[in-house]
Amino acid sequence: MELIEVKDIRKTYMLGKVKVNALNGIYASIKKSEFVAIMGPSGSGKTTFLNHVGMLDVPTSGEIFLDGKDVTKMNGDERAEYRLKHLGFIFQFFNLFNELTALENVRFPMMLNKQPDYKERSRKLLELVGLGDRLNHLPSELSGGQQQRVTIARALANNPGILLADEPTGNLDTKSSKEIIELFRKLNLENGQTILMVTHSQEIGAMADRIIYFRDGMIEK
């Protein structure tokens with residue numbers, strides 16, 4: 001089953017008077033429970049593509065279907081609600097609330113979504129990512145790999161069907177990077193999460209089911 005379908009999306013930016021074509025007619029299909037790496041040189045359109053699938057940006061033209069819904073037709077409020085309920089985001093920079101504990105960081109999106117079981121679920125998610133003994137630690141008291149694990153637990157808070165990761169190991173050492181990708185693989189195999197991951201690392205990309213290569217705003221054939 002195709003969970004993500006992208007049809008002829010194009011994105012044009014204006015930098016002053018200069019027109020920049022960031023995406024040039026992208027067609028892509030990703031099946032449910034697939035783990036896909038997005039690779040290519042800097043400026044090739046990888047992150048722009050991920051942001052469009054994640055509904056953080058709107059294409060100049062084209063269609064994006066998530067689970068059969070054309071999300072390009074949604075208004076801002078509808079996009080925000082869909083993101084909260086169905087998508088999880090993991091970035092290179094952890095974007096944690098520095099004044100909140102690991103547990104409180106994970107609980108935050110659950111409280112936004114008014115989940116009644118947020119106390120128990122947040123604890124279980126941190127245990128799932130191997131931080132059951134770090135629940136009450138602030139981000140400053142955690143290593144980079146541990147902070148990224150908190151970010152992953154938070155991304156899973158509302159049980160999204162799709163996880164979108166942009167260079168999730170970019171700020172981590174080799175050992176932590178491998179552990180994070182192994183965690184992704186575990187989530188993919190055991191929970192059935194569909195994962196779309198941007199990476200520069202060929203070694204990291206090789207751990208996915210398949211790789212989509214970008215160049216000059218297009219997918220290489």
Note to self: Checking Gly145 against (1) under 13 Å from Ile38 (Cα atoms); (2) part of a helix (DSSP H, G or I); (3) of a type outside the set (Val, Ile, Thr); (4) touching an Asp or Glu at 6+ places or on another chain (Cβ under 7 Å): exactly one of these is not met. Which one?
What the structure shows: (1)
Next item on the list: Hey, can you tell me all the residues within region 28-53 that are within 15 Å of Arg10 (Cα to Cα), hydroxyl-bearing (Ser, Thr, Tyr) and part of a loop (DSSP other than H, G, I, E, B)?
Entry: Ser44
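Just the residues that are crowded, with 16+ Cβ neighbours inside 10 Å and part of a strand (DSSP E or B), please, taken from region 190-210. Write out each step before concluding.
To start, the set of residues in region 190-210 that are crowded, with 16+ Cβ neighbours inside 10 Å comprises 193-199, 201, 204-205, 207-208.
Within region 190-210, Thr194, Ile195, Leu196, Met197, Val198 qualify.
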Checklist line | Looking only at region 104-127, and only at residues there that are among the basic types (Lys, Arg) and assigned to a helix (DSSP H, G or I), the one that is modelled with the lowest pLDDT | finding: Lys119
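Are any residues in region 160-179 closer than 13 Å to Ala208 by Cβ and in a helix (DSSP H, G or I), and if so, which ones? Spell out the reasoning first.
Let us first name the residues in region 160-179 that are closer than 13 Å to Ala208 by Cβ, namely 163, 165, 168-169.
Matches in region 160-179: none.
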Next item on the list: Assess whether Leu187 counts as being part of a helix (DSSP H, G or I), modelled with pLDDT under 95, closer than 20 Å to Ser33 by Cα and of a type outside the set (Gly, Ala, Ser).
Entry: yes
Next item on the list: Check whether at least one residue in region 110-120 is aromatic (Phe, Trp, Tyr) and over 18 Å from the mean Cα position of the chain (by Cα), and report yes or no.
Entry: yes
Check: Are any of the residues in region 139-156 under 16 Å from the mean Cα position of the chain (by Cα) and surrounded by fewer than 19 Cβ atoms within 10 Å (Cβ to Cβ)?
Finding: no
Notebook entry, point to check: For Gly130, all conditions in the list (1) modelled with pLDDT of 85 or more; (2) buried (at least 16 other Cβ atoms within 10 Å of the Cβ); (3) part of a loop (DSSP other than H, G, I, E, B); (4) not charged (D, E, K, R) hold save one; what is the number of the exception?
Noted result: (2)
Notebook entry, point to check: Taking region 211-221, which residues are assigned to a loop (DSSP other than H, G, I, E, B) and either touching a residue at least 40 places away in the same chain (Cβ under 8 Å) or under 16 Å from the mean Cα position of the chain (by Cα) (or both)?
Noted result: Asp216, Gly217, Glu220
Check: Within region 58-103, restricting attention to residues that are touching a strand residue (DSSP E or B) at 6+ places or on another chain (Cβ under 7 Å) and part of a loop (DSSP other than H, G, I, E, B), which residue is nearest to Arg134 (Cα to Cα)?
Finding: Gln92
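Quick one: would you say Thr174 is under 16 Å from Ile38 (Cα atoms) and out of contact with any His (no Cβ under 7 Å at 6 or more places or on another chain)?
Working: under 16 Å from Ile38 (Cα atoms): no; out of contact with any His (no Cβ under 7 Å at 6 or more places or on another chain): yes.
No: the conditions fail for Thr174.
The values are calculated or read from the model by the stated rules, or taken from the named source; none is laboratory data. These numbers come from a predicted model, not from an experiment. Note that we place each Cβ from the backbone using ideal geometry, even for glycine, and neighbour counts take in every protein chain shown.
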